[in-house]
Amino acid sequence: MRLGSIINGQERSESNRDTLEVKNPFNQEIVAELALAKKADLDEAVTNSFETFHSTMKKMPAHQRGEILRNAADLLEENAEDFAQTIVQEAGKPIKYSRDEIARSVQVIRFASELAKNITGEVIPMDAAIGGENRMGLIKRIPLGVVGAITPFNFPLNLSLHKIAPAIAAGNTIVFKPAEKTPVSAYKLVKLFQQAGLPDGVLNLLMGTGEEIGSPLVTHEKVHKITFTGSLPVGRKIRETAGFKKVTLELGSNSPNIIFEDGNIQRAVTELVKGAFAFSGQVCISAQRIYVQKSIYGRFLEQFIKETKALTIGDPTKEETDIGPMIKEEEAKRAKLWIDDAVNNGAKIEVGGTRNGAILSPTIMTNVEHTMKIVSEEVFAPIVSVIPFDNEDEVIRVANDSIYGLQAGVFTKDIDRAMRVADQLEMGGVWINEISTYRQDNHPYGGVKQSGIGKEGIKYAIEDMTEMKFIGMKLMPKD
Ligand code: NAD
């Protein structure tokens, strides 16, 4: 399968282009060959998106935007299994998690379809200001123009839709640069939107690397906003080079989960086994640090090890597989080095710690220090540290001792404590009696500190993808 960029509805996959192979991370089979975009394609895509914004999208009524999105959701639902199999092939994500991703993606488009018809403004009480009598003030929400969407490999469909669907709902056009590791689902998604009735040029797709295509997209003067999900180093560079554009950055974390002695231990264990190891820990809110109150530490750890050992590792196409490969063998090697480094400094491997090609076995570490990479940096691998604590103040201090702050989980039956801890955790979101890894697509989602800027969650993305326009009127007295 040879795939090219799609600009104004036309695919660019000529044979004289440089190519990039997309390989299945589990068996190294070639999934697709990418015909790469050049800088001239980027300029053309942005110019076309700019023109399409003015010629088409600015005039498209909300009911039509809503209908196109509704069609797209229905089409995705009809083709769910094909999309799920595509994600298994390109990302190595186990089939059951790939199916979950598609189901969520359908919902994301449906939320956007509903919200497209509910972008409302405000009426300002102008007479609240001295001299404001006989004046009227309105706020309208208007689209920005061209949105540049840059997305990661780990939820290639759902995280792309968290940008594309609200951008369409709000009436923008989009230049979409998906992760070069997982471009097949992105290509199919753009085709699906064509089929759903989206006019050419509203969603332009660029196949290319971050350096060659992502970087000049960020600096292009006709792009009004960059919405990015990915790693901290790239996010930092985008923030520095985006100039006057609006920027939303959804970056990494080392999410903490706190289990107090009165928490439901069994539920916490079962959920955290999924939360630490689903998609080999390559999830931005993966449970990386688990703080357990000392009185229940032994009981928790024993059960956590037992349930981790029961996970099925192997072929991501198989229904029973819990753990497949990481995205690249180099990533598994990097993660293994971080484990070795921790062990050399006194940490203990309770289970796992072995690598077979791109597969790293689910690994539980204890006896860790806060300075170790597996604790303080984003590990983005199936590695979790279990750390004992004495009391509330201590655990809040260590949980906050991080450059990141995306989501946390807290397990306790004490409502007062739950609210106290939630207030003090420096996070974009806190879950009580739920793990950090749980996310719904309709709540505000995004980090504080170096986990990001801005929020997604369709309604909140639409707010960031529109501008307020004030219209004031002086009402003339009767002659
Ligand atoms: P990455 O940063 O390597 O790549 C993400 C995207 O950025 C890709 O499309 C890539 O081509 C592009 N890119 C790379 N260099 C660029 C540049 N200089 N300019 C513009 N674009 C550039 O991330 P990844 O490895 O694909 O994904 C993993 C990261 O994403 C992790 O850090 C993870 O925590 C983060 N993530 C965050 C969230 C969230 O919502 N907060 C969700 C998922 C993943």
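Remarks
- Sum of -39500 (n - 2.57) over DSSP H runs of 4+, divided by residues of the chain (222 nm, nearest 500): -12000 deg cm²/dmol
- Debye intensity ratio in log₁₀ form over the Cα atoms of the range 168-264, taken at each q of 0.13, 0.16 Å⁻¹: -0.56, -0.76
- When +1 charges are put on Lys and Arg Cβ atoms and -1 charges on Asp and Glu Cβ atoms, the dipole computed for the chain relative to its Cα centre reaches about 840 debye.
- Amide hydrogen proximity for Gly4: with H placed 1.01 Å from N in the peptide plane, the residues at 5 or more positions away or on another chain lying under 5 Å are Arg12, Ala35.
- Size of the range 327-401 as Cα extents on the principal axes (Å, biggest first): 42, 20, 18
- Cα-based helix-to-principal-axis angle, 329-344 vs the chain, degrees rounded to 10: 50 degrees
- Rounded to 0.05, the FRET efficiency of the Glu320 and Glu467 pair, given R0 = 56 Å and the Cβ-Cβ distance, is 0.70.
- Each Lys or Arg adds one and each Asp or Glu subtracts one; over the other residues with Cβ under 11 Å from the Cβ of His162, this totals +1.
- Inter-label distance for Lys294 and Glu51, nm, one decimal - labels placed 7 Å from Cα along Cα-to-Cβ: 7.1 nm
- Most simply put, the chain has about 45% antiparallel DSSP beta bridges, counting only bridges with both residues inside it.
- Each peptide among 313-319, 431-437 gets the average number of other Cβ atoms lying within 10 Å of its residues, and from highest to lowest they stand as 431-437, 313-319.
- For the pair Gln440 and Asp18, a Förster radius of 30 Å applied to the C-beta separation gives a FRET efficiency near 0.15, rounded to the nearest 0.05.
- Helix axis angle, 415-424 relative to the chain longest principal axis, alpha carbon, degrees: 70 degrees
- Debye, to nearest 20: dipole size of the range 256-441, +1 on Lys, Arg Cβ, -1 on Asp, Glu Cβ: 400 debye
- Mean Cβ neighbour count within 10 Å, used as a protection proxy, ranking 17-24, 420-427 highest first: 420-427, 17-24
- Area projected by the alpha carbon convex hull of the chain, averaged over all directions, nm²: 25.6 nm²
- On Cα atoms only, tilt of 294-309 relative to the major axis of the chain in degrees: 80 degrees
- The chain, relative contact order in percent, only Cα pairs under 8 angstrom and at least six apart counted: 18 percent
- Those trypsin sites (Lys or Arg not before Pro) in the range 425-479 that DSSP places in a loop and that have at most 16 other beta carbons within 10 Å: Lys478
- In this rough spin-label picture, where each label sits 7 Å from Cα along the Cβ direction, the Gln266-Asn433 distance is 1.5 nm.
- Taking a point 7 Å out from the Cα of Lys413 in the direction of its Cβ, none of the residues of the range 293-317 has a backbone N less than 11 Å from it.
- Here the calculated FRET efficiency for Glu29 and Glu211, from their Cβ-Cβ distance with R0 = 25 Å, stands at 0.40, rounded to the nearest 0.05.
- Reciprocal mean inverse distance between Cα atoms of the range 256-441 - Kirkwood radius, Å: 16.4 Å
- Stretched out straight at 0.36 nm per residue, the stretch from Glu330 to Asn367 would grow longer than its current Cα-Cα span by 10.7 nm.
- Inter-probe distance in nm under a simple model that places probes 7 Å from Cα toward Cβ, at Lys188 and Glu114: 2.6 nm
- Share of pairwise Cα separations in the range 356-449, more than 20 Å, in percent: 43 percent
- Other residues lying with their Cβ under 15 Å from the Cβ of Asn442 contribute a combined charge of +1, Lys and Arg counting +1, Asp and Glu -1.
- Derived scalar couplings between HN and Hα for the range 109-123 equal 5, 5, 4, 5, 4, 5, 6, 3, 9, 10, 8, 10, x, 8, 10 Hz in order, rounded to whole Hz, by the Karplus curve 6.51 cos²θ - 1.76 cosθ + 1.60 (θ = phi - 60°), x for Gly and Pro.
FYI, it's all coordinate maths here, none of it is from the lab. Please read all numbers here as calculations on a predicted model, not as lab measurements. When we count neighbours, we look across all protein chains shown, and the Cβ atoms used for this are built from the backbone with ideal geometry, even at glycine.
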